[in-house]
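**Student:** Supplied in structure tokens, the structure appears directly below.
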Amino acid sequence: MPLPIGSLFNNASTALEASRVIVAGPAVLHSITVLNTSASNLYLQLFDAASLPNEGAFVSGDIVPINAGQISGFDYGELGKGFANGIVAVLSSTAGTKTIAGAVGQFYPRYRV
């Protein structure tokens, strides 16, 4: 099955960070890989938002645990997953609400607009 019409982009980290606004507008996420460089297990949280949500925000999007020193993420395949408002990725110390971690992650997303 061919990729949907539209060019694929990336907005990869150039330094360690706790979150990343991947795109501030409607987009389709195809994949995201995140490196957790901390000594603690963290959670990758995805938000349908154009900017970083407030601390304690409820996560209505996808969540995946990332063990200390490990790489993990999401792969939504060729069709991807649509985000109406934007795509924000956060490393959090808690699963269900945003409790932002320090600048310990590197984010590698692939998306289209």
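**Student:** Among (1) free of Cβ contacts under 8 Å to residues at least 60 places away in the same chain; (2) surrounded by 16 or more Cβ atoms within 10 Å (Cβ to Cβ); (3) under 16 Å from residue 87 (Cα atoms); (4) not aromatic (Phe, Trp, Tyr), which single condition is residue 54 missing?
**Tutor:** Going through the list (1) free of Cβ contacts under 8 Å to residues at least 60 places away in the same chain; (2) surrounded by 16 or more Cβ atoms within 10 Å (Cβ to Cβ); (3) under 16 Å from residue 87 (Cα atoms); (4) not aromatic (Phe, Trp, Tyr), residue 54 breaks only (2).
**Student:** Can you tell me how many residues within region 58-70 are within 16 Å of residue 101 (Cα to Cα) and more than 11 Å from the chain's Cα centre (by Cα)?
**Tutor:** 8
**Student:** With the requirement that a residue be surrounded by fewer than 17 Cβ atoms within 10 Å (Cβ to Cβ) and free of Cβ contacts under 8 Å to residues at least 40 places away in the same chain, what does region 31-49 give you?
**Tutor:** Listed by number, the residues that qualify are 39, 41.
**Student:** I'd like to know if region 71-83 contains one or more residues that are out of contact with any Ser or Thr (no Cβ under 8 Å at 6 or more places or on another chain), more than 18 Å from residue 110 (Cβ to Cβ) and surrounded by 15 or more Cβ atoms within 10 Å (Cβ to Cβ).
**Tutor:** No.
**Student:** Can we say residue 28 is within 16 Å of residue 110 (Cβ to Cβ), aliphatic (A, V, I, L, M) and surrounded by 15 or more Cβ atoms within 10 Å (Cβ to Cβ)?
**Tutor:** Against the criterion (within 16 Å of residue 110 (Cβ to Cβ), aliphatic (A, V, I, L, M) and surrounded by 15 or more Cβ atoms within 10 Å (Cβ to Cβ)), residue 28 qualifies.
**Student:** Sticking with this one: Can you find a residue in region 70-85 that is touching a strand residue (DSSP E or B) at 6+ places or on another chain (Cβ under 7 Å), without any contact (Cβ under 8 Å) to a residue 40 or more places away in the chain, within 18 Å of residue 14 (Cα to Cα) and hydrophobic (A, V, I, L, M, F, W, C)?
**Tutor:** Within region 70-85, one or more residues are touching a strand residue (DSSP E or B) at 6+ places or on another chain (Cβ under 7 Å), without any contact (Cβ under 8 Å) to a residue 40 or more places away in the chain, within 18 Å of residue 14 (Cα to Cα) and hydrophobic (A, V, I, L, M, F, W, C).
All of the numbers you see were taken from the coordinates with simple rules; none came from a lab. Note that the coordinates shown come from a computational prediction; the quantities given were computed from them, not determined experimentally. In this analysis, Cβ positions are derived from the backbone assuming ideal geometry, glycine residues included, and neighbour counts consider all displayed protein chains.
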